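Where a number appears in this text, it was derived from the coordinates with a stated rule and is not lab data. Computed from a prediction, not measured in an experiment: that's the story for all the values here.
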Amino acid sequence: MNTKSLLTVAALAAAAFSATAQAGEADYSSNLPQFQSQRTRADVRAEARQAPVLNGEIGGVAIITPAPAASQVDRQAVRAETVQAVHAGRIAHGELS
């Protein structure tokens with residue numbers, strides 16, 4: 001009798017909660033304030049291009065540009081040097097490295 005009443009209560013609780021947990025459309029665009037810009041996209045872009053650059057910042061955003069690597073050696077010379085270092089054992093290679 002105790003198990004039967006426990007199952008009955010569980011079934012009633014499940015039915016009550018399932019009726020309230022129905023999902024609807026998640027469209028909140030009607031709650032947003034309506035905004036109409038007075039400027040065109042081209043005007044905004046032109047203003048952004050004319051923004052002053054202060055201490056490497058544009059409009060409060062830091063601009064970090066790495067310095068270009070200045071090398072006087074071509075790619076083939078670097079590869080040849082690497083192969084020599086591997087053969088000499090100065091650079092670890094393979095699965096044991």
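In whole Hz and in residue order, list the ³J(HN,Hα) couplings for the range 39-49 that follow from phi through the Karplus curve 6.51 cos²θ - 1.76 cosθ + 1.60, θ = phi - 60°; x for Gly and Pro.
Karplus values, whole Hz, x for Gly and Pro: 10, 8, 5, 5, 5, 5, 5, 5, 5, 5, 5.
Determine ³J(HN,Hα), in whole Hz, for all residues of the range 83-88 in sequence, where each value follows from phi through the Karplus function 6.51 cos²θ - 1.76 cosθ + 1.60 and θ = phi - 60°; x replaces Gly and Pro.
For the range 83-88, the Karplus-derived couplings read 4, 5, 5, 5, 5, 7 Hz, x marking Gly and Pro.
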